[in-house]
1. What percent antiparallel are the DSSP beta bridges of the chain, to the nearest 5?
2. Might you report the magnitude of the Cβ-based charge dipole of segment 248-382 about its Cα centre, with Lys and Arg at +1 and Asp and Glu at -1, to the nearest 20 debye?
3. Projecting each Cα onto the charge dipole of the chain (Lys/Arg +1, Asp/Glu -1 at the beta carbon, about the Cα centre), which of Q192, P143, T312 comes out farthest on the positive side?
4. Order 402-410, 161-169 from most to least packed using the mean count of other Cβ atoms within 10 Å.
5. Over segment 349-465, what number does the Rg to Rh ratio reach, with both radii from the alpha-carbon atoms and Rh per Kirkwood?
6. Residue farthest toward the positive end of the dipole of the chain, with Cβ of Lys/Arg at +1 and Asp/Glu at -1: which of S338, S380, F461?
7. For K295, which sequence-distant residues (separation of 5 or more, or a different chain) have an amide H within less than 5 Å of its own amide H, given hydrogens modelled in the peptide plane?
8. Check cross-link reach from K87 to the aspartates and glutamates: straight Cα distance under 16 Å, and skip same-chain residues fewer than eight apart.
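The numbers here are math on the coordinates, done by the rules we state, and not lab data. Remember, it's a predicted structure, so these values are computed and weren't measured experimentally. Here the Cβ positions follow ideal geometry from the backbone for every residue, glycine too, while neighbour counts run over all protein chains shown.
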Amino acid sequence: MNKRLISAFALAMAIYANAQQSDGGISNEMLQSIKQSYQATASDKAIRNAIGGSDIRKLALDQDNLKDMDTYFTNKVESKGIADQKKSGRCWLFTGLNVMRSKMITKYGLGSFEFSQNYSFFWDQLEKSNLFLQGVLDTSKKPMDDKMVEWLFKNPLSDGGQFTGISDIVGKYGLVPKEIMPETNSSENTAQMANLLGLKLREYGLQLREEAAKGAKPAALKKSKTEMLSTIYRMLVLNLGVPPTEFTWTRKDAKGNPVNTKQYTPLSFFNEYINKDLTNNYVMLMNDPSREFYKNYEIDFDRHRYDGKNWTYVNLPIEDIKEMAIKSIKDSTMMYFSCDVGKFLNSDRGLLDINNYDYTSLMGTNFGMNKKQRIQSFASSSSHAMTLMAVDLDKDGKPKKWMVENSWGATAGYQGHLIMTNEWFNEYMFRLVVEKKFVPTKVLDILKQKPIRLPAWDPMFANEE
């Protein structure tokens, strides 16, 4: 009797489950309704024929928006030379170094000058490797399906990052001129090196978890980690070269005439020419309308060194951020800036404008989400860092457009730059790093709040390109 009841109950549940699935699936009746809703008009056929053989962006290019682009800016920080990150995700590094080189060029009257991105990248990769391995040790008692353990093994290493990487790496290892440690094929094309490093780190992570599970003492685990990092160091040397510990450099003026020749260490070079407290002199600002404004936030485990500083930012309305950006540009100070660069980018013109493409007319439907909704639905987030350097103000002091120095080479966009309308800035700008002297007291006071800590895997804070 009990078996019959159990069988009857199981049958009833199966029928209920099938009914639920049927209710949520596309039934024949629903499919017929969907099909009948489509009207095979002549215009639809023409659009289908066009899309079948063309890039959608070319078809959606708004011809009414192709008038001559205004490249005049009322306020602009001059720069010399456009950097090129090539096929790498180091935009965060190029942007941070571009901010510093701008100051150095202006202060010392230099010609075209760049810091070695490869030098800083070397130490970034070693420090991130240690960050991963130590994170594995810190979570070794947790199961493999723990959210943090899973996140670590999914993200053992990346060539992406954000501004805290500048303060973490440059503050500890200093800087060298580009000619002292030039680019290599692996620094400019990071995919293969990154794959091998990531594979080795995952292997090492499992080994450390196994040693910890067998009761290895902290000293033994530290010894193992050191040996593992020695292998990572060698792999980095083979790909990127040996980082210099000291070097001789001749400073030249804008005409190429020698000014002085000195011997430096990377830290003494940094201290002489930059001498900034990169951790405490800057404030990271965010415009994220999906979270409460005028609050201080911290991203857990989002740093470039284990002993570095987690990414902390103040979330503000866009107009507040613009005020600080304008002050900085008027003071000839560039800023670290990041945005969702792929949205409405006309790369041929170097123009970011929400009116560049008319997808609504092409597809016959509106795309109506606002910035908050795009963030909440994972449709938009910061993807690329650049250097904010210019703003064009109207007679009332309101911004009409902005310009950034990019790191895609001198021939990309508008002479190596991107110009964005103020409307685009509102919708797709996310982060700005500003010197404290341009930040009002009411915003600095927010930094005194205990930060609201967000998890490392929050999709809004994935590493930039």
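1. Roughly 85 percent of the beta bridges in the chain run antiparallel, per DSSP.
2. Rounded to the nearest 20 debye, it is 380 debye.
3. Value: P143.
4. Sorting 402-410, 161-169 by mean packing, highest first, produces 161-169, 402-410.
5. 1.00
6. F461
7. N315
8. D159, E183, E188, E464, E465
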